[in-house]
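First up is the structure itself, then whatever we jot down about it.
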Amino acid sequence: MLTPEGLRQRSDLLRAIRLYFFERDYIEVDTPLRLPVLIPESNLVPFASEDCFLHTSPELCMKRLLARGCSRIFQICHCFRKEEHGRLHQSEFTLLEWYHKGWNYFDLMGQCEELLCTLVHQCSNASGTSPSGQLRWRDRWITVTPPWDRMTVAEAFERYAGMDVNEVLRAGNFDEILVTAIEPRLGQERPTFLYDYPVELGSLARRSQKNPAVAERFELYIAGVELANGFSELVDPQEQRLRFLREMEMLHVMGKEAALPEKFLAELPLIGEAAGIALGVDRLCMLLRGETDISAATPFIFEEL
Amino acid sequence: MYTASDLRKGLKIQIDGEPYIVTEFDFSKPGKGQALYRTKMRNMITGVQFTQTYRSNDKFDRPNLEERNMQFLYAQDDEYHFMDTASFEQIFLTKEQLGDNLSFLIDNMEVQVLFFGDRPIDITLPTFVNLEVTVADPWAKGDTSGSDTKPVTVQTGFQLQVPPFVEQGDKIQIDTRTGTYITRVKE
């Protein structure tokens, strides 16, 4: 829960984000929250809303706007994911998502560096920044001046866990090792991009041409906190359909059913090359305020309602 | 049944036929990944602790736990006998099971006994108990040593720090959660 002073800081952050994108010729969109069909994702549990679902991210509708001819769009909206509560999770949370036609995931990484530098400069606690582009977080400084660290997923498993990522995938404990051995080490001195995820962990990301085992997906970490997830968009409807069917199969094993978003698949080829990214606004606000729990960065938490 | 999403600090669950209490809990979920429920648990019978990571589809039985009001009757060897104040049924717990509770337990005290099925496994004392001071140094008026507490022993053998004016034979109120002095009581 935020104090009036904290609410002002959050408001300043939201305004600075909008300003950043307006200055670069993006348009702000506000797509529906209630959708009759969602992107099938085996690890997300949506809330039902009568005969619809509350969206778990604005990805589906925003990509349809790209297909309709928009080239640079952003959105700040609430998203809903059932059964997610913790220090870094609330079932209802605020996401910033943006797309840029003609870009790939490396272009987005560069933009993340620029955007975060701007926001840290403008929106940290007044006493929280030094002139040299540093983020004060708890007992230390994190250098946000580019360039940031970049490491492939395979390198990170090798370096921090001494393991081969493909063996970890076969053993089925990728998430566990990522969370316990790798994430806490990332973004401690400067922000870190983890990139080139195994293709089965990037259902909507384009397969790399250089290495077909990985998808062009990245995650941004600051102070061990996963802050943003971006990728080069997969726009091949046949491959996307197969990836969705695989997710639906995993859902089926869990006793859940999902439908294919046919309108989305039909419009996918109209997008062309594009890259998109989602960034957790509550987590960013938390980091800028030097907090360790997102409940200290939102106007309310559910338990107070 | 509980599912992993019910896990939180303080929840009591049953694993392999034994009751456990969650003592630490952390939810994590990497982007596009699975929800992981990292927990530390204590066996409510043996006290043994362990850590375990659960996933969304893990399920747990609810342990059959019940608290009953009982009165402490007497101790014989290492067995501490209690009586149900409603049914007059008598049971006992061992010295080991009672652990630190013995610092505050006196005859006729009413406590909550926790049962796992038919088996008594733990007790909860009243938050505040009144105990008699059995050993205390006399209050030296005009003591300028600067110390504002002194050690005393109460009837159970428990020792604690109290203000200097507390004397042998006084009854004092103690917080059983912390073992600290609250006030002197007149009875």
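Laboratory data are not the source of any read-out in this text; all were calculated from the coordinates shown. None of these values were measured; they are calculated from a predicted model. Heads up, the Cβs are rebuilt from the backbone with ideal geometry, glycines too, and the neighbour counts pull from every protein chain shown.
What the table shows:
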{"read-out": "Calculated FRET value between residue A:16 and residue A:300, using beta carbons and R₀ = 25 Å, to 0.05", "value": "0.65"}
{"read-out": "Dipole in debye (nearest 20) - the range B:1-127, about Cα centre, beta carbon charges: Lys, Arg +1; Asp, Glu -1", "value": "1140"}
{"read-out": "Positive-pole candidate from A:181, A:245, A:290, dipole of chain A, charges at beta carbon", "value": "A:290"}
{"read-out": "Approximate spin-label separation residue B:6-residue A:107, in nm, with each point projected 7 Å along Cα-to-Cβ", "value": "5.0"}
{"read-out": "Relative contact order (%) - criterion: Cα under 8 Å, at least six apart; region: chain A", "value": "24"}
{"read-out": "Potential extension, residue A:114-residue A:167 segment - 0.36 nm per residue separation minus Cα distance", "value": "15.5 nm"}
{"read-out": "Dipole-positive endmost among A:146, A:199, A:230 within the range A:122-233 (Cβ charges, Cα centre)", "value": "A:146"}
{"read-out": "Sites residue A:211 and residue A:1 - FRET efficiency at Förster radius 51 Å, r taken between beta-carbons, to 0.05", "value": "0.65"}
{"read-out": "Straight-distance crosslink candidates among lysines, where the alpha carbon sits under 19 Å from residue B:29 and sequence neighbours closer than 8 are dropped", "value": "A:82, B:9, B:40, B:59"}
{"read-out": "The range A:86-114-the range B:62-138 distance, computed between alpha-carbon centres (Å)", "value": "57"}
{"read-out": "The range B:1-143 shape via C-alpha gyration tensor axes, a/c threshold 1.5", "value": "oblate"}
{"read-out": "Shape category assigned to the range A:4-304 from the gyration tensor of Cα positions, a/c cut at 1.5", "value": "rounded"}
{"read-out": "Hits among lysines - C-alpha to C-alpha of residue B:150 under 27 Å, sequence gap 8 or more where chains match", "value": "B:141, B:171, B:186"}
{"read-out": "Distance between modelled label sites at residue A:50 and residue A:262, nm, 7 Å Cα→Cβ extension", "value": "2.3"}
{"read-out": "Vicinal HN-Hα couplings computed from phi for the range A:222-236 (Karplus, 6.51 cos²θ - 1.76 cosθ + 1.60; Hz; Gly/Pro x)", "value": "10, 6, x, 9, 6, 10, 8, 10, x, 6, 6, 6, 6, 10, 8"}
{"read-out": "Kyte-Doolittle mean at least 0.0 and Cα axial length at least 15 Å: DSSP H helices in chain A", "value": "A:105-123"}
{"read-out": "Average partner coverage of B:20-31, which counts Cβ from other chains inside 10 Å", "value": "5"}
